[in-house]
Amino acid sequence: MVNSKLTCFKPIEIDTISILKNLFDNPRNLDKIQNMEKFERITIDPKVFGGKPCIRGMRFPVSKILNLLASGMTIEDILRDYPYLEREDILQAIKYSA
């Protein structure tokens, strides 16, 4: 007999302000944050593509580049099919996903 009892989880509240304050107050964390790679070509805007990471504010999500690469396309293939993209866009999308 299958147990049909449902388990419900109680939602938890996260104090984001405290987490960020603790993160930035610790000098070791600040060094890590300052050394993080900057992705000038990757933009996240809630008004563009539902806030998904996109290339240079265009409606071209990083996930599409990754899917194209995963399907076997080369960087050159993508650049040929999408002439408004640049090689650095693709390279940053790969780095961003890592």
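May I ask you to order 53-59, 40-46 by the average number of other C-beta atoms within 10 Å around their residues, highest value first?
Going by the mean number of other Cβ atoms within 10 Å, highest first, we get 53-59, 40-46.
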Practice task
Could you check the simple spin-label distance between Met58 and Asp45, using points 7 Å along Cα→Cβ, in nm with one decimal?
Solution key: 1.4
Completion exercise
Phi angles of segment 93-98, converted by Karplus (6.51 cos²θ - 1.76 cosθ + 1.60, θ = phi - 60°) into ³J(HN,Hα) in whole Hz with x for Gly and Pro, give 4, 5, 5, 4, 6, 6
Problem - Accessible area of segment 34-74 divided out per residue, in Å², using a probe of 1.4 angstrom - result: 68
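The values are calculated or read from the model by the stated rules, or taken from the named source; none is laboratory data. Just so it is clear, the model here is predicted, and its values are computed rather than measured. Cβ: placed from backbone, ideal geometry, glycine included. Neighbour counts: every protein chain shown. Heads up: the accessible areas ignore ligands, DNA and RNA and are worked out on the full protein's heavy atoms, side chains in. Shrake-Rupley method; radii C 1.70, N 1.55, O 1.52, S 1.80 Å.
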